[in-house]
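Supplied in structure tokens, the structure appears directly below.
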Amino acid sequence: MLRKIGDLLGKVHVRTLVGVTMRRSVEQYRLLFEGNANPMWIHDANTLDLIAINDTAVTHYGYPREELLRMSVSDLQPLGEP
């Protein structure tokens, strides 16, 4: 009985550690992605549709975020190009 309780407590402890690690990882990603001074985006590998875009990219490309998220990577062009 004590062994089962110990096993359960061990599993709860591991799940707690995994949850904390995941939350930290998500927060680190958010800081790196959102706070980056370079335009960044995440796109679908198959369709090239934009999935996420940081504030720097919104400013760089000059489109509202909602419009950018309806675009694909192929729609993006460097500034100054037609």
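The values are calculated or read from the model by the stated rules, or taken from the named source; none is laboratory data. Quick caveat: nothing in here was measured; it's all calculated off a predicted structure. Neighbour counts run over all protein chains shown; Cβ positions are idealised from the backbone, glycine included. The accessibility values were calculated without ligands, DNA or RNA, using every heavy atom of the protein model including side chains. Shrake-Rupley method; radii C 1.70, N 1.55, O 1.52, S 1.80 Å.
Looking at (1) under 17 Å from the mean Cα position of the chain (by Cα); (2) at pLDDT 90 or above, can you tell me which one Thr21 breaks?
The single condition Thr21 does not satisfy is (2).
Let me ask another. Out of all the residues in segment 28-48, which are open to solvent by 100 Å² or more (accessible area, probe 1.4 Å) and part of a helix (DSSP H, G or I)?
Passing the criteria: Gln28, Tyr29, Arg30, Leu31, Leu32.
For segment 60-73, which positions are surrounded by 10 or more Cβ atoms within 10 Å (Cβ to Cβ) and assigned to a helix (DSSP H, G or I)?
Result: His60, Tyr61, Arg65, Glu67, Leu68, Val73.
A further question on this structure: Is there any pair linking a residue in segment 57-73 that is under 18 Å from Asn36 (Cβ atoms) and among the hydroxyl-bearing types (Ser, Thr, Tyr) to one that is part of a loop (DSSP other than H, G, I, E, B) and open to solvent by 60 Å² or more (accessible area, probe 1.4 Å), with Cβ under 9 Å and at least six apart or on different chains, and which?
Tyr61/Gln77; Tyr61/Leu79
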